[in-house]
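Notes follow the structure.
The values are calculated or read from the model by the stated rules, or taken from the named source; none is laboratory data. In this text the structure is predicted, and so the values were computed from the model without any measurement. As a convention, Cβ positions derive from the backbone with ideal geometry for all residues, glycine included, and neighbour counts pool all protein chains shown. Accessible surface areas use protein heavy atoms only, side chains included; no ligands, DNA or RNA. Shrake-Rupley method; radii C 1.70, N 1.55, O 1.52, S 1.80 Å.
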Amino acid sequence: MKKQKAERKASKLPRATKSGAAKRGAQPPAARAVPAKGAGTNPQRVRAILQKLDEAYPDVVCALEHENPFQLLISTILSAQCTDVRVNQVTKTLYVKYPTPKDFAYADPQDLEQEIRPTGFFRNKTKSIMGASKKIVEEFGGEVPRTMEQLLTLPGVARKTANVVLGTAFGIASGIVVDTHVTRLSERLDLSRNTDPKKIELDLIKVIPQEKWILFSHQLIWHGRKVCQARKPRCAECNLERLCYARDKTI
């Protein structure tokens with residue numbers, strides 16, 4: 001008797017229903033394929049990227065206008081958080097007024113601040129420029145040092161600036177310049193998944209041949225300016241498009 005009552009009670013329970021998606025026969029959305037870690041640094045793929053960069057930018061050079069290593073050093077310090085175009089506009093008159101390291105080292109800080117004001121952060125840049133110039137005059141005989149270790153002792157000089165000077169002014173491949181463009185493109189091309197410039201540089205020097213370090217930096221910077229722009233990359237014009245699987249591609 002009890003068994004019959006239990007069976008009747010169970011028969012009144014609502015039956016499990018399928019979800020709306022299942023009723024319509026819909027399938028769950030397929031997850032977007034994500035390349036395996038390290039896929040972007042496959043040697044064959046890296047060679048293909050370098051070949052495409054060589055085709056697009058065979059002879060590019062540093063966009064900062066300069067006549068000697070010291071001017072390049074100052075221009076690179078000024079380029080922090082500023083466009084190269086603006087820096088070049090400022091230095092056209094700056095290097096006429098301050099032609100030597102000694103002129104910068106013992107300049108009137110307020111005058112120098114006004115000269116470089118359009119580049120932004122002019123007070124900090126003035127301190128760095130005067131400090132670096134004074135050290136060059138007093139400790140390096142007025143000549144820009146040619147080693148990473150010595151350059152890093154100069155106020156306002158970190159690895160990016162040192163790599164620019166060594167590579168462009170002296171042809172010394174001590175590392176790879178990592179600026180905002182190189183950072184962005186290294187991530188989009190899956191050559192590095194780090195965000196810290198030092199770690200990105202370490203990732204890049206592992207996969208880029210040393211004889212390519214200097215040109216590679218210039219190529220990525222120019223490509224970042226002209227094509228692979230931050231807000232809206234011009235993927236339809238990019239000769240690297242077929243090698244790129246960045247999430248923010250526009251095609």
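Give me the percent of the accessible area of segment 102-251 that comes from carbon and sulfur atoms, probe 1.4 Å, all protein chains in place. Spell out each step's value before the answer.
Values: 3970 of 7870 Å².
That fraction is 50 percent.
Given R0 = 45 Å, the distance between the Cβ atoms of Tyr106 and Thr250 translates into a calculated FRET efficiency of 0.30. Cross-link partners for Lys102 among the aspartates and glutamates, with Cα-Cα distance under 19 Å and sequence neighbours closer than 8 places in the same chain left out: Glu67, Asp111, Glu113, Glu115, Glu138, Glu139, Glu143.
Once R0 is set to 30 Å, what does the formula 1/(1 + (r/R0)^6) return for the Cβ-Cβ distance between Gln229 and Gln44, expressed as a FRET efficiency to the nearest 0.05? Kindly include the intermediate steps, with their values, before the conclusion.
Working: r = 27 Å, r/R0 = 0.92.
That gives a FRET efficiency of 0.65.
Rounded to the nearest Å, what's the spacing between the alpha carbon centres of segment 182-251 and segment 90-148? Just the number, please. Measuring centre to centre over Cα atoms gives 32 Å. Each Lys or Arg adds one and each Asp or Glu takes one away; over the other residues whose Cβ falls under 9 Å from the Cβ of Pro155, this sums to +3. Beyond 29 Å in Cα-Cα separation lie the following of the pairs Lys127/Lys206; Lys135/Lys198; Lys134/Lys206; Lys92/Lys127; Lys160/Lys226: Lys127/Lys206; Lys134/Lys206. Taking every protein chain into account, the accessible area of segment 170-210 amounts to 47 square angstrom per residue (probe 1.4 Å). Go through Thr168, Leu154, Val178 and say which Cα lies farthest out towards the positive end of the charge dipole of segment 106-213; charges sit on Cβ, +1 for Lys and Arg, -1 for Asp and Glu. With unit charges placed on the Cβ atoms, the residue in question is Val178.
Placing pseudo-labels 7 Å out from each Cα toward the beta carbon at Leu202 and Thr83 gives an inter-label distance of 3.5 nm.
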